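Structure first, commentary second.
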Amino acid sequence: MTGPVVPDAALVRQRLTTLRERIRAAGGDDGAIEVVGVTKGFPPAIVDAALDAGLSALGENYAQELLEKVGRQVRCGGSAEVGPARRDPVRWQFIGALQRNKVRQLAPYVHRWQSIDRPALVDELARRAPHARLLVQVNTTGETRKAGCAPADVGSLVDRAMAADLIVEGLMTVGPTDPHASPAASFRLLRDLVDRHGLRWCSMGMTDDLEVAVGEGTNMIRIGRALFGPRARRANVGN
């Protein structure tokens, strides 16, 4: 089986324009909604296409893929570290299921952790990535096999992270696994939780449900297929 075709920057730029038109048609302000381009499943060359198209926030679901893409940037002469002294043009967002033993490897490169959903991850992040930016992932659909903390646990997890001097910027959720189920109620719940806790970012909405997310008040969407085209599907966290 051949790998996914890496689109050139002109095609990604055209798709980004179409994406912003979709946001506006749904009643959103495309200038106020951050687009995270999800590069999972693509080879490292996708990073160049994304940057040349004007995308700097890129999301990865898998530690190994992120490290491979970072490695290519370093080999090409760029900096991959984040911090006050060295800043890469890519603001990497880790959006997939996170294992504690991967935090140390990823810590130098991740700008924002979007999938923190349990106390053990908060503690590991505080240990390995002091003052890290994070979003708490919330299971707003009640599906038992889905990642994310329960809505009732958001407050305690946010408090724990803040007490550890981590920067809690917002919340993230994934819509229903069933493609025939409307994500509206789950998105509405996340927006309410973001507002209730006085947070900035409400990360919800992907290729197939971004219009619903815009209608429910998202200000960060995670987009893969609509920008980069088809690729091998594994985890449904940003597509």
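Observations
- Residue check for residue 150: without any contact (Cβ under 8 Å) to a residue 40 or more places away in the chain and on the phi < 0 side of the Ramachandran plot: yes
- You will find that of 122, 158, 138, the residue that is modelled with pLDDT of 95 or more, of a type in the set (A, V, I, L, M, F, W, C) and closer than 24 Å to residue 37 by Cα is 138 and no other.
- Exclusive hit being of a type outside the set (D, E, K, R) and modelled with pLDDT under 95, set 59, 78: 78
- For beta carbons closer than 9 Å, sequence separation of 6+ or different chains, a first residue in region 13-28 that is outside any helix (DSSP H, G or I) and a second that is of a type in the set (Ser, Thr, Tyr), the qualifying pairs are 28/218.
- Within region 162-180, the residues that satisfy the criterion of being free of Cβ contacts under 8 Å to residues at least 40 places away in the same chain, over 19 Å from residue 131 (Cα atoms) and out of contact with any Leu (no Cβ under 6 Å at 6 or more places or on another chain) are 175, 176, 178, 179, 180.
- Screening 164, 132, 152, 147 for residues that are of a type outside the set (Asp, Glu) and farther than 21 Å from residue 102 by Cα leaves exactly one candidate, 152.
- The one condition in (1) modelled with pLDDT of 95 or more; (2) more than 15 Å from the chain's Cα centre (by Cα) that residue 201 fails to fulfil: (2)
- When we screen 169, 211 for residues that are within 21 Å of residue 107 (Cα to Cα) and among the acidic types (Asp, Glu), the only hit is 169.
- First in region 104-126 and within 9 Å of residue 94 (Cα to Cα) and part of a strand (DSSP E or B), second anywhere and among the hydroxyl-bearing types (Ser, Thr, Tyr) and modelled with pLDDT of 95 or more, Cβ under 8 Å, 6 or more apart: 114/203
The values are calculated or read from the model by the stated rules, or taken from the named source; none is laboratory data. What you see is a predicted model; the values in this text were computed from it and never measured. Heads up, the Cβs are rebuilt from the backbone with ideal geometry, glycines too, and the neighbour counts pull from every protein chain shown.
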